[in-house]
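Notes to accompany the following structure.
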Amino acid sequence: MTSPVMVVRLPRGPDGQSRGFDPTSPRYHALAPSSIQASNNCCSSNLREEQRSRSGLRERFLRSLIAMAGKPVDFTMYERVSVTAVFAASDIDILNFQVSHLQTPLGVQKEALLRCPDIIAYAFDL
Amino acid sequence: MRSAGTREQGDWESICTVNMNEWITKKPLEWEKYLNKEVKVTADEKNAYQGWVFTVDPVSGSIVLVNFVDTGKVSVVTIMGHAIQTVELISEGENNTTEKLSALFMPVAAKVYSNEELGQRKSSLKSWLEKNRIPVTEQGDQHTVLCVAGVLTVSPPYNPEDCNSSNEIILSRVQSLINCNPDADHKTD
């Protein structure tokens, strides 16, 4: 069992303060969807159908996140980087994942935050 | 009403393949058509994934695919919406695919308690909370629901996950308290 490495701090962002996770930064606003996919038509029964569909899909997705909590997950990231970590939580916009025991080429990070735009896919066993 | 055969064919054609970057612009009703079907997804950097669609997240457009491995294991892979390039329909699925997939992620059935046991658990929790100087009253027709400080309710069987509140701080405080109630028999799942 490898021992955890010291936390490696990211350099400060261009605005001189954040380290890439500032929810008030222009970058975060650009990434977070300002509106989600929705129809424009004002026919209320269509909207009801669409809303029913949206909540059903989202509930299933949230359940898949719950099933992942506490389990080791393999993350495929860009630049052919692959890491494994124990998944803990996600934020509401699916922009950040909180993980622990993150195995990286530098060593094991005890706690870490993964930026979802850096992830291509993630896999785990139920 | 058209017969089931022609309706399926129309749907099949409309969702057979999705071109680059089109996926993330779809609407929930269009995504819903892919549920419980087997698809092949190609993503950025030449990654390809195949499996049964459990869901598509309407917020991020991410597809959750499930694969049933021979050994009885279930493997789940989620491809992030922003990385999806193409989605190709492989098969429609059997009659039981929908139930099989839905059952996968549902919470495990809880232990069943008798009315007497439930009454005991309720009293035990009520006195524990009162011992910790937390105001608690009984609510509902059968007085089965405990109301804590007017902002949180605990329903039978009075486990931490049976707490309901819009106040996160009180919720987490009460849940920890329930967990360390020395009187309750801590049944392991």
With the structure loaded, tell me whether A:SER64 is modelled with pLDDT of 65 or more and either under 13 Å from the mean Cα position of the chain (by Cα) or part of a helix (DSSP H, G or I) (or both) or whether it fails that test. yes
Just one of A:PHE61, A:PHE87, A:PHE75, A:PHE124 is among the aromatic types (Phe, Trp, Tyr) and free of Cβ contacts under 8 Å to residues at least 24 places away in the same chain; which is it? A:PHE61
Within the range B:68-82, the residues that are touching a Ser or Thr at 6+ places or on another chain (Cβ under 7 Å), at pLDDT 95 or above and farther than 15 Å from B:ASN21 by Cα are B:VAL76, B:THR78
Can you find, within the range A:68-118, the residue that is farthest from the chain's Cα centre (by Cα) among those that are more than 14 Å from chain B (Cβ to nearest Cβ) and small (Gly, Ala, Ser)? A:GLY107
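Each row is one residue, and each column tells you yes or no for (1) closer than 30 Å to B:ASN179 by Cα; (2) touching a residue at least 60 places away in the same chain (Cβ under 8 Å); (3) more than 9 Å from chain A (Cβ to nearest Cβ); (4) of a type in the set (Asp, Glu).
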{"position": "B:SER75", "(1), (2), (3), (4)": "no, no, no, no"}
{"position": "B:THR78", "(1), (2), (3), (4)": "no, no, no, no"}
{"position": "B:GLU92", "(1), (2), (3), (4)": "no, yes, yes, yes"}
{"position": "B:ASN96", "(1), (2), (3), (4)": "no, no, yes, no"}
{"position": "B:ALA103", "(1), (2), (3), (4)": "yes, no, yes, no"}
{"position": "B:GLU116", "(1), (2), (3), (4)": "yes, no, yes, yes"}
{"position": "B:TRP128", "(1), (2), (3), (4)": "yes, no, yes, no"}
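Regarding B:VAL69, is this residue buried (at least 19 other Cβ atoms within 10 Å of the Cβ) and assigned by the TED database to the domain that holds B:GLU30?
It is false that B:VAL69 is buried (at least 19 other Cβ atoms within 10 Å of the Cβ) and assigned by the TED database to the domain that holds B:GLU30.
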Counting only residues that are surrounded by 15 or more Cβ atoms within 10 Å (Cβ to Cβ) and over 19 Å from A:ALA112 (Cβ atoms), how many does the range A:63-97 have? 3
Being at pLDDT 95 or above and among the hydroxyl-bearing types (Ser, Thr, Tyr), is that true of even one residue in the range A:116-124? yes
What residue, among those in the range B:36-68 that are facing chain A (nearest Cβ under 8 Å) and outside any strand (DSSP E or B), is nearest to A:ARG48 (Cα to Cα)? B:PRO58
Name the strands (runs of 3 or more DSSP E) wholly within the range B:97-172 that hold at least 2 residues that are surrounded by 15 or more Cβ atoms within 10 Å (Cβ to Cβ)? B:145-148, B:152-154, B:163-165
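The values are calculated or read from the model by the stated rules, or taken from the named source; none is laboratory data. These numbers come from a predicted model, not from an experiment. Cβ: placed from backbone, ideal geometry, glycine included. Neighbour counts: every protein chain shown.
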